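Peer 1: Dumping the structure here so I can ask a few things about it.
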Amino acid sequence: MPEEPCQCPDCLRFYKEHDRLVREFPTLRQQQELNWAALQSFRTLAGRVLEDFQKQYGYKLTEPSLETNADLLSEDEISEELQQALTDLENINAHLFSIEVLMEKIFDVRVPEIVEDKFKELAGELAPDPLNPDRLRLNRLLHQTPDLPDKNSS
């Protein structure tokens, strides 16, 4: 028996967006362009945030503080947290670059109109399907990610 779709706010928001993207971009070419644009916007924003923080803090984040004031201890903890976030952002950017290289291969694929027509036909069937395997897979990912919006706000 198939899994039941999750009804938490994160999953419901995903279902709605998933269905909209399938309906509004029902061809291979449109999906290629949409994913490329999403990837580029993600890289642009993540790269800019990283760059701005690096300019703002420079190497101060990696230098241990010589002061021992109790008020500065929490500042050091914040700096440590920020340093970890910047390291994570650097890793994200590296992964996004790898994805970009793979995406370029997807753009090499050209299909005849009959295949694009099949994309359009099946888009209508997939968009409203709550048991779509991609939806269910993302369900599991959403519930393994504690820092998504709305996770702790009820």
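Peer 1: Restricting to helices (runs of 4 or more DSSP H) lying wholly in segment 44-154: which have 3 or more residues that are modelled with pLDDT of 80 or more and surrounded by 14 or more Cβ atoms within 10 Å (Cβ to Cβ)?
Peer 2: Values: elements: 70-107, 113-126, 133-142.
The qualifying helices (runs of 4 or more DSSP H) are 70-107, 113-126.
Peer 1: Please go through segment 1-37 and pick out each residue that is surrounded by 12 or more Cβ atoms within 10 Å (Cβ to Cβ), part of a helix (DSSP H, G or I) and of a type in the set (A, V, I, L, M, F, W, C).
Peer 2: Those that are surrounded by 12 or more Cβ atoms within 10 Å (Cβ to Cβ), part of a helix (DSSP H, G or I) and of a type in the set (A, V, I, L, M, F, W, C): Cys11, Leu12, Phe14, Leu21, Val22, Leu28, Leu34, Trp36.
The values are calculated or read from the model by the stated rules, or taken from the named source; none is laboratory data. Remember, predicted model here, so these are calculated numbers, not experimental data. Reconstructed Cβ throughout: ideal geometry from the backbone, glycine too, with neighbour counts over all protein chains shown.
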